[in-house]
Amino acid sequence: NAGVMQNPRHLVRRRGQEARLRCSPMKGHSHVYWYRQLPEEGLKFMVYLQKENIIDESGMPKERFSAEFPKEGPSILRIQQVVRGDSAAYFCASSPTTGATEAFFGQGTRLTVV
Amino acid sequence: GESVGLHLPTLSVQEGDNSIINCAYSNSASDYFIWYKQESGKGPQFIIDIRSNMDKRQGQRVTVLLNKTVKHLSLQIAATQPGDSAVYFCAENIGWQGGKLIFGQGTELSVKP
């Protein structure tokens, strides 16, 4: 999973600030997924993107959260006006195709809201 | 609902013993399953996968068993080593929904030397 690069690894934000999390998929992968993990819980799906398209955002909170995967550059998960409840580990995964295939995960960004 | 604040199930084994980690999945339409290993502070690492047209698949020291009748998945680790200590998650995929994975709660495996 070293091929999926996420940055920063750790991010501290004060309540009300914006958080931007970046994900560069593995080379040749055009499918990106974002997951959130609360302490001692499994990963929860947030959003699935292909280049320039949001395919499935059924796991995204309705407000303050947005994601993009532009034609050039990394995928960005953006959280506006962060609150303490947003503190979690955010993982990005990528796959070469859609459907039943292995997804490779990055090391995650640990967001702490103070 | 969310199981916030609950501790993960824990399995403690002696080094060299075999480990069996169980998982109940939720959707009878799921057709692809993956076991992931997650060490502290790291992202999930692929261990082994299985498709719904199979009931058993073997890898190096690991075996996954799938029972679709009762929607049950298990991961068997042979000759467990201290390096196997981690949290193990099963994940299911419904193919027509793309690569979206639904993760189980996870089991913490602790290997005593």
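Tabulated results
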| quantity | calculated |
| --- | --- |
| Odd one out for A:Ala19 among (1) surrounded by fewer than 16 Cβ atoms within 10 Å (Cβ to Cβ); (2) at pLDDT 95 or above | (1) |
| Selection within the stretch A:61-114 - charged (D, E, K, R) and in contact (Cβ under 8 Å) with a residue 40 or more places away in the chain | A:Arg78, A:Arg84, A:Asp86, A:Arg110 |
| Every residue from the stretch B:28-56 that is within 13 Å of chain A (Cβ to nearest Cβ) and in a loop (DSSP other than H, G, I, E, B) | B:Ala29, B:Ser30, B:Asp31, B:Glu39, B:Ser40, B:Gly41, B:Lys42, B:Gly43, B:Pro44, B:Ser52, B:Asn53, B:Met54 |
| Within the stretch A:75-88, tally of residues that are more than 13 Å from chain B (Cβ to nearest Cβ) and either assigned to a strand (DSSP E or B) or surrounded by 18 or more Cβ atoms within 10 Å (Cβ to Cβ) (or both) | 7 |
| The stretch B:98-113: number of residues that are of a type in the set (S, T, N, Q) and under 10 Å from B:Leu8 (Cβ atoms) | 2 |
| So A:Glu57, is it closer than 19 Å to B:Gln45 by Cα, surrounded by 14 or more Cβ atoms within 10 Å (Cβ to Cβ), of a type outside the set (Phe, Trp, Tyr) and out of contact with any Leu (no Cβ under 7 Å at 6 or more places or on another chain) | no |
| Search result, residues across the stretch B:58-69 that are surrounded by fewer than 16 Cβ atoms within 10 Å (Cβ to Cβ) and not in a loop (DSSP other than H, G, I, E, B) | B:Gln58, B:Asn67 |
| Scan of the stretch A:27-45 for residues that are crowded, with 17+ Cβ neighbours inside 10 Å and touching a residue at least 40 places away in the same chain (Cβ under 8 Å), ordered by number | A:His29, A:His31, A:Val32, A:Tyr33, A:Trp34, A:Tyr35, A:Arg36, A:Gln37, A:Leu43 |
| Only listed residue being within 8 Å of chain B (Cβ to nearest Cβ), buried (at least 19 other Cβ atoms within 10 Å of the Cβ) and modelled with pLDDT of 95 or more, chosen from A:Phe104, A:Phe69, A:Phe65, A:Phe91 | A:Phe91 |
| Residue list for the stretch B:58-113, filter: among the charged types (D, E, K, R), within 13 Å of chain A (Cβ to nearest Cβ) and over 22 Å from B:Val13 (Cβ atoms) | B:Glu92, B:Lys100 |
| Filtered residue count, the stretch A:1-59, keeping only those that are within 9 Å of chain B (Cβ to nearest Cβ), closer than 17 Å to A:Val82 by Cα and in a loop (DSSP other than H, G, I, E, B) | 1 |
| The stretch A:36-74: number of residues that are touching a Phe, Trp or Tyr at 6+ places or on another chain (Cβ under 9 Å) and of a type in the set (Ser, Thr, Tyr) | 2 |
| Failed item, numbered, when B:Lys68 is tested on (1) more than 22 Å from A:Thr97 (Cβ to Cβ); (2) under 11 Å from the mean Cα position of the chain (by Cα); (3) in contact (Cβ under 8 Å) with a residue 40 or more places away in the chain | (2) |
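The values are calculated or read from the model by the stated rules, or taken from the named source; none is laboratory data. Everything numeric in this text was worked out from a predicted model, so none of it was measured. Cβ sites come from the backbone with ideal geometry, for glycine too, and all protein chains shown count toward neighbours.
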